[in-house]
Amino acid sequence: MPHRQSLKREKIKAILLAGSRDFGRCLVASCRPTALWPIVGKSVLEELLQHLSRQGVKHTVICSNGDGSLMEESIHTNNHLELKFLDELLPSGTAGCIRDAAGSETDELLLVFPASITSPPKIDVLIQAHKKGQSDLTVMFNPAFGNGKLLGESAGIYICQTSVLEHIPKEGYFDIKEGLIPELLRAGKTVHTAVLPSPAGNFRDRQEYLCAISNCLENTTKLSADLKHCRRRGSQVVWIASDATVDPSARIYGPVVIMDGARISEDVVILGPTVIGRDVSIGKDSVVVNSVLWDGAQVVPNCEIQRCIIDYNATVRSNTVAKERAIPLRPEGTLVSLANSALEIAKNQTCGLQQIFESRLYNLIQKYVQSHRPKIVPWFVGSLVLIVFLWSYWPGLIDLWNIWQRSDEYSSGLLVPFLAVYILWSRRHDIAQCPINPSVWGLVAFVALQGVRLFGLFFLYGSAENLSITLSIAALVLMLFGWQLFRKVSMVLLFLCLMLPWPNRVQAAATLPLQHWATSSAVFCLEVMGYEVMQEGNIIHIGQATVAVAEACNGLRMITAFFVISGLVVLLVKREWWEKLIVLASSLPIALLCNTGRLTITALAFTVLSGEHWEKIFHDYGGYAMMPLAVAAIVAEIWLLAKLTMLPLKEEAIIIARQKL
C-alpha cells in the first residue's frame, strides 16, 4: 500500500499560477510579484514549494508573465522537486496556463495553486475532496468566518483530471471560471465544490497579505517549527532572534516576530500581528502596529506605522505617519539608508575604507543597482535621446513656433503635440503591455531622414525639414522600442503631421480655388434667402453694402482646425476603421460649409452694421463661433453611423444546467 501511494504521488503535477505584477495600484507589487513577498524569512513561493516537496509532489510548473527568471534566481529548492518555469509573453488565462503546463504528459491528477498562498492545505485533503465529489473539476473554497462548512471566498485552488484538457482551446486566452467551467457543464461533465478545513491564506494585495500574515502568526505550532533559531519571550507570542537587539524600554505585544539583526530602540511600541525582518532598524519613540517590515527596512525616530508594508531596504523618514499603505524602496530613501549605514559603521568599527565597502554599505549599493537597473537604463537612454533631438531640431522648432503665432491658417498646430500626449496617456495601459525590442530599422530610417533634412537645408526646402521632424520622432520610437509599440502608436505619430504647415506650392495652388468657392457659395446662400446679390470676382455686392472676401477668408484656417478636431475624435473613439475614415474625410466638406455659413452671416451683418470695429469682430471671432457647430456636426455624424451600422442588442437569460449524479 505505501508503494502504491508513492506511485500515485509521482503521477501528480502541481501548477502554480504566479500571474503578473500589479502595476499602478500597489507600488510594492509593481516592483516585486506577490509570489516573492516574504513570510517569516522565506518568500511565499519558496514556502509553497517546500510544502509540496514534503507532501511528496515531484513535478511542479510555475506559470508567470515575464517574471520566471526573477523567481528562479530568488528561490532555493531541494533536488527532490522537479521544477519548471513557464513564462507567458501574452496573458493566457488560468485554464490556458493549465493547458500549457500540462503539455502532452498523462498525469493522473493536476493540482492548481495560486503562487501567493501562505497556508497551503495538505495534498491528502485535496485528493480526498476530489474523490468524494467524483467530478472532473473540484473548486476549493476557504471556510466562512466562524464556520468550517459554509463556503467563503474562493481559495484559487483547483483539482482536475487531465481529461479536462480536451475542453480547453489549443491556444489563446481561456479562464477557468468564465471559460472552462461553463464548457465542462455544457459537455455533461461535473464540477464539484469543497471547503478547506482552514483558510489557505491566498492574497492579491496589501490588505489580504496582512490578513494572511496574521493567520500565520496565530498558528504557534507552525511558528515553532519555522523559528527554531528564535527564542520565545514571556507569555506573549513574541519570537526574537538570538542576535536581534531589543532595548529593555521597548514594549512589544504579540504576536510579533523579530528576526536576525533587527534593532529595536528605546521606547518603541510594537503591536502584533507584526513581522520585523532581518537587519530592520526601528528608531526611538516609533510605533509599529499590524505591519510587516521586510529585510533591511529603516524606520527613523518618531514614526507611526499602522497596517503597512515596508519594502526591502526602504526608509521611513522622521515624524512620518503612515497608515494603510505600502512604502516602496525609493532613491531618496536608499541614499538616507546608505548614509546611516556608513555613519554606523564608522562609529562602531575602527576599520578602513576597504572594510566599509565590503560591509553592509556595499551590499546595499549592490542591491539598489541590481533592482533599479532595468528601470534606470530606459529612462536614461530616452532622456538622453530627447535632449539630443531637441538640441538638433531647436531652430526648426522655433520656426514652427513662429508660424503658429503669426499665421491664422496654422495656429491650430500648436495644440497637436499636447493632444498627442493626451492620446498616449489615455492608451498608457495598452502601451505598457508592449515588450521593448529595439529595431535596427529605426536607426536606418533615422539616418535616411537626416539625409532628407540636409537636402531641405541645402536647397532651401523648408517643408522637407519640417516633415523630417515628425518622421524622425517615428524613427526614434521604432529604434528604441521596436515594431510592436510602433504599431500601437503609429496613428498618433501620423497625427503629429497635422502640426506642420502645408508646402508653399500646395498652399498657393489651393488658396485661389478656396477663395473663389467661399465667394460663390456665400452668394448662392444669399440668393436662396431672397437677397439681391452681385458678384465681381471675390467681391460681393448686397444692397448698399460691399463685402470683399479676402485671401484670409478662403477657409484654409477652418480646414486645418477641423482636421485636428476630426483626427482627435478618430483616435479617441472606438469604432470600425471605415467609420473613422468617413469621419476624417467629412472634415473637409464640414469646414467648407462652416466657412460658407460664416461668410453669409458676415455679409448679412454688414447690411445693418458699419464701422471697422464690427468688421474686426465678425472677421476675427466668426471662425471661433463655427467651432462648436463643427464639433456638433462630427458628434451627430458618429451618432448617425452608430444607428445605421449597429443592430439593437437583445439580452437573453443564459441558463447553465448541471448534470445530476
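Here, each number is a calculation from the coordinates, and none is a lab measurement. The model shown is predicted, which means the values in this text are computed figures rather than measured ones. Please note: Cβ atoms are built from the backbone with ideal geometry, for glycine as well, and neighbour counts cover all protein chains shown.
Tabulated values for the structure
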{"item": "Ala632 versus Glu72: modelled label distance in nm, points set 7 Å from Cα along the beta carbon direction", "result": "6.4 nm"}
{"item": "Net lengthening on full extension, Leu81/Gln306 (0.36 nm per residue, minus Cα-Cα)", "result": "77.1 nm"}
{"item": "For peptides 249-255, 599-605, 170-176, sequence by mean Cβ density within 10 Å, most packed first", "result": "599-605, 249-255, 170-176"}
{"item": "Relative contact order (percent, whole number), the range 2-204, Cα cutoff 8 Å, 6+ residue spacing", "result": "23 percent"}
{"item": "Gain upon complete extension [Val388, Gln405; 0.36 nm per residue less C-alpha separation]", "result": "3.6 nm"}
{"item": "Cross-link table Lys189/Lys574; Lys42/Lys131; Lys131/Lys170; Lys58/Lys131; Lys84/Lys170, entries beyond 31 Å C-alpha to C-alpha", "result": "Lys189/Lys574; Lys42/Lys131"}
{"item": "Karplus-derived 3J(HN,Hα), 6.51/-1.76/1.60, for each residue of the range 283-295, Hz, glycine and proline x", "result": "x, 4, 6, 8, 10, 10, 10, 6, 9, 10, 10, 6, 3"}
{"item": "Residues Thr320, Thr274, Thr470 arranged by fewest to most Cβ contacts within 10 Å", "result": "Thr320, Thr470, Thr274"}
{"item": "Under-5 Å amide H pairs with Ile39, H placed in peptide plane, nonlocal only", "result": "Val44"}
{"item": "Label-to-label distance, nm, for residues given as Val528 and Leu457 (7 Å Cα→Cβ offset)", "result": "5.2 nm"}
{"item": "Computed lengthening from Ile601 to Asp260, 0.36 nm per intervening residue step minus Cα-Cα distance", "result": "114.4 nm"}
{"item": "Other-chain or far-sequence residues with amide H under 5 Å of Ile157's (modelled H)", "result": "Met140"}
{"item": "Amide proton proximity set for Arg278, modelled H, under 5 Å, gap of 5+", "result": "Asp295, Gly296"}
{"item": "11 Å beta-carbon shell around Ser214, net charge (K/R +1, D/E -1)", "result": "-1"}
{"item": "Nearest-0.05 FRET efficiency for Glu171 and Lys132, computed from C-beta distance (R0 45 Å)", "result": "0.85"}
{"item": "Model label zone, Arg487; criterion: amide N under 17 Å from point 7 Å along Cα-to-beta-carbon; scope the range 411-436", "result": "430-436"}
{"item": "Whole-Hz couplings from phi, Karplus 6.51/-1.76/1.60, listed for the range 421-437; x for Gly and Pro", "result": "5, 5, 5, 4, 5, 5, 9, 4, 5, 5, 5, 5, 7, 6, x, 9, 10"}
{"item": "Relative contact order, percent, the range 219-329 [alpha-carbon distance under 8 Å, six or more residues apart]", "result": "15 percent"}
{"item": "Using θ = phi - 60° and Karplus 6.51 cos²θ - 1.76 cosθ + 1.60, couplings along the range 580-588 (whole Hz; Gly, Pro as x)", "result": "5, 5, 5, 4, 5, 5, 6, 5, 5"}
